[in-house]
Amino acid sequence: MSLPRTVPRLEDDPLALRLDLVHPTASPPRLLVRAVAAVLALAAMLTALAVAAAAANDALDVIGHEAGPQVVATTDLYFALSDADAQVATLLLLGTSDPDAAGAAEARYAQRRGEIAAALLEAHRLAGDDDAQRTTIETVMARYGEYEQLAAEALLLAQQAAYPQGEAPPEVVAAYREAGDLMSGQLLPLSYNLTLENATTVREAYDRAEDRIDAGLLIVAVAGLIALAALVWLQIHLARGFGRVFNPSLLVATAVCLLYLGTGLAVLDAEQTAQETAKVDGFDSALSLARANAVSNALYVDQVRYLLDDERAAIYEQTLFDKAQALHYEEADNLDQYRERLAASWSLRSTTPPSTGGLLSDGFTASDATWTAADAYRALMDADAAMRIGVGTDAERLASVREAYDAYDTALDALADEHLAVFRTGIDEGEKAIADFGFLLPAAMVSLAAFTFTGIAPRLREFR
Amino acid sequence: MRRTAPLLAAALALPLAAAGCTADDQSILDADVLRIAIQTDQPLIGWENEDGEYEGYDVDTARYIADHLGKEIEWVPVLTADRETVLLEDRADLTIASFSITQERKRDIDFAGPYAIAHQDLLVRAGDTEIASIADITGRRLCSTRGSNVSERINLEHGVSSVPVLAEDAIQCLEMLIDGRVDVIATDDRILAGLAWQSNGAARLVGAGYSEERLGIGMQPGDTAGCEAINRAITAMYADGTAELLMQQWFAPAGMDLSSIPIPQYEGCE
């Protein structure tokens, strides 16, 4: 196989030259170089495919099974915490007046306490080996213990004072303030920030996967074209050098290469589309609505506190206004103006309610659930205004906002479920697209190399 | 093989070049130096001391964040009115200057944080016991610095009408309060704490806390990763006790109630 012996023998044969059977450039080393180049390019293409597919898979894991669910778990935690606080404030507001409503609030408080414990455990489990998150969750656990104790003290004081609705004595209000401040100033922000931290993890995983798939698409395309060119080059070389127009093995190798190039590009593209759907249409909107859900419950708590604590009523009205602006922005100086603008901009029935930004309006789509949620939100703001004007007993005023809030909460859940469904479908489709792909790639590599070398093997034998 | 080698090299280099082109908007994380806009005329918050050094709660917050991100600081002193423009005109990367997050401002710039929760409060003469809440300023003379329209806002937002008396700045307000030309100053409790501290006991913080302000870190729009990194720095600042330490250091001597220091709930980075 050494160069000096084989080359002169072929080129010096006048008959072979005259019959044009042997192309002057044909030689085993040249053949091998071309075959090795083709196989290397094929290997590069398939490796790039495998790397991009693995990156996509990692991102799907983070988005669909780690940080994604953690976002849900931490918003559940926020909601349960905030609603527990709403029940405590409700019990303190009602006093001895409305035993039915008080009984319902007590039952709900007990239910929320169970949910808080479950959500804390779930969040702790999902935090895995993320130390910062675990520390935060442990802080929430400890502070929640303090909250329960402060709430119990306020409820005990209320029981001893036995007052009618809306007449909570100062020591009860003061005891509740301590609990409420702990809730709004520590527990809720900690859980809300945990949600955002996990949303950051999702975004980072998504961006990373996007970059890798983009790079993967390009490398696969370039390497695939080089592999094809190398196979064709080899084919031409054989045709010219040995007078065979088609080499069956190489034809199969070329076809398989084309097939994998096409499939690979299509799978990566489908993967990218599925991830984009899951992230942008599903996750981002679901996250926005989950945050809307949390903020809305805190807004309801502000309503109960407004009734309970006269001295701080102004501040609870202002924090409620802030939350309303965060849910759906309207340029307004106060709640009355806000409701007027809201009524004006949503009175026309367009496909989606006009939005000027906000956690609630960012989740709007052209679905029926969207208008139901928008109308329920408006009804809640109207009920809020009626509650502030103050006709009827405190229990009645609270009951009307509670009813409006419950209706709104249900509508919001329905809208959020639509986005969650899009999110889950996106993750499922993404996972389906790359399932088995990882297994098929090594098999493809082996078969392509085999076809290439069996294609040149008979020609190599001619030199012996 | 000699001819394929450059091709392969080119194939490998292409995606790198492409990745470079698709990079997001500029991020503060890419720079070594952060240009941070601060106030230099707000005692306890951001001001220049006798030695010509900047100090105060906001200045320390800026230092903590820059340190956490591993960046050097280039200070950009700003007036209250320029806090937004320095960002829009690319003269600063961050504004840490008693800057309240509002939905209006969020339309032009982004906010990381909040890094602190402040309350609107009232400052009165030490001997004045009539004013205990926002409702008590009805008909009283309220100091209004140029362009702040504080009286009008209180009327609009809380339905309390006071008599506005114009002054140049907060320092003049304090002088007018002490010599009796106005009865009350209304603004961010941290600013009032600074004035109370400057008055040497002649003025008193009421503790009425009639409105909550979320103080954010102004950013040029579009830098999601930078915003998230700052939020992580703020989380660390609260988790390691620095935030509480700074509050105690700067505001406790001025008589601010620090019994429960709230943890800020982030706005979120879009």
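The values are calculated or read from the model by the stated rules, or taken from the named source; none is laboratory data. Note that the structure is predicted; figures quoted are calculated from it, not measured. Positions of Cβ are backbone-derived with ideal geometry, glycine not excepted, and every protein chain shown enters the neighbour counts.
Taking segment B:137-153 as the search range and keeping residues that are free of Cβ contacts under 8 Å to residues at least 40 places away in the same chain and of a type outside the set (Ser, Thr, Tyr), which one is surrounded by the most Cβ atoms within 10 Å (Cβ to Cβ)? Give the derivation first.
From segment B:137-153, those free of Cβ contacts under 8 Å to residues at least 40 places away in the same chain are B:138-139, B:144-146, B:148-153; that's our starting set.
Narrowing further to those that are of a type outside the set (Ser, Thr, Tyr): B:139, B:146, B:149-150, B:152-153.
Working: B:GLY139: 11, B:ARG146: 11, B:ASN149: 13, B:VAL150: 18, B:GLU152: 14, B:ARG153: 15.
Here the answer is B:VAL150.
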Legend entry - Enumeration of residues in segment A:190-221 that are crowded, with 22+ Cβ neighbours inside 10 Å and more than 20 Å from the chain's Cα centre (by Cα): A:LEU190, A:GLY216, A:ILE219, A:VAL220
Inset, instruction - Return the pairs, sorted by first residue and then second, in which the second residue is of a type in the set (Asp, Glu), the first residue lies in segment A:79-104 and is part of a helix (DSSP H, G or I), the beta carbons are less than 8 Å apart, and the residues are 6+ apart or on different chains. - result: A:ALA80/A:GLU115; A:GLN87/A:GLU106; A:LEU91/A:GLU106; A:LEU93/A:ASP394; A:LEU94/A:ASP394
Inset, instruction - Answer with yes or no whether A:GLY241 is of a type in the set (Gly, Ala, Ser) and more than 10 Å from chain B (Cβ to nearest Cβ). - result: yes
Inset, instruction - Evaluate the following for A:VAL51: is it in contact with a Ser or Thr (Cβ under 6 Å, 6 or more places away or on another chain), within 13 Å of chain B (Cβ to nearest Cβ) and not basic (Lys, Arg)? - result: no
Legend entry - Odd one out for B:ARG190, checked against (1) surrounded by fewer than 23 Cβ atoms within 10 Å (Cβ to Cβ); (2) not assigned by TED's automatic domain parsing to the domain that holds B:ALA92: (1)
Inset, instruction - Filter segment B:154-187 down to the residues that are in a strand (DSSP E or B) and buried (at least 20 other Cβ atoms within 10 Å of the Cβ), then identify the one that is nearest to the other protein chains (Cβ to nearest Cβ). - result: B:ALA186
Inset, instruction - Could you identify the single residue in B:SER144, B:SER98, B:SER151 that is within 14 Å of chain A (Cβ to nearest Cβ) and either in contact with a strand residue (DSSP E or B) (Cβ under 9 Å, 6 or more places away or on another chain) or not aliphatic (A, V, I, L, M) (or both)? - result: B:SER151
Inset, instruction - Go through the residues of segment B:220-235 one by one and say whether even a single one is out of contact with any Pro (no Cβ under 6 Å at 6 or more places or on another chain) and within 21 Å of A:LYS323 (Cα to Cα). - result: yes
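If you take the residues in segment B:115-141 that are part of a helix (DSSP H, G or I) and over 11 Å from B:VAL182 (Cβ atoms), which one is farthest from the other protein chains (Cβ to nearest Cβ)?
B:ASP136
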Legend entry - Evaluation of A:GLN149 against (1) more than 11 Å from every other protein chain (Cβ to nearest Cβ); (2) within 30 Å of B:GLU270 (Cβ to Cβ) (one fails), failing number: (2)
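Is there a residue in segment B:245-255 that is within 14 Å of chain A (Cβ to nearest Cβ) and not polar (S, T, N, Q)? Outline the logic, then answer.
Step one: filter segment B:245-255 for residues within 14 Å of chain A (Cβ to nearest Cβ), giving B:247.
Right, trim to not polar (S, T, N, Q) and you get B:247.
Looking for residues that are within 14 Å of chain A (Cβ to nearest Cβ) and not polar (S, T, N, Q), one finds at least one in segment B:245-255, hence yes.
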Inset, instruction - Could you check, for segment A:121-134, whether at least one of its residues is within 24 Å of the chain's Cα centre (by Cα), small (Gly, Ala, Ser) and more than 20 Å from A:LEU188 (Cα to Cα)? - result: yes
Inset, instruction - Restricting attention to segment B:188-213, report how many residues are within 14 Å of another protein chain (Cβ to nearest Cβ) and either modelled with pLDDT of 90 or more or more than 14 Å from the chain's Cα centre (by Cα) (or both). - result: 6
Legend entry - Residue check for A:LEU156: without any contact (Cβ under 8 Å) to a residue 24 or more places away in the chain, in a helix (DSSP H, G or I) and either farther than 22 Å from B:SER259 by Cα or at the interface with chain B (Cβ under 9 Å from one of its Cβ atoms) (or both): yes
Legend entry - Residue count, segment B:222-239 (criterion: within 18 Å of the chain's Cα centre (by Cα) and among the charged types (D, E, K, R)): 2
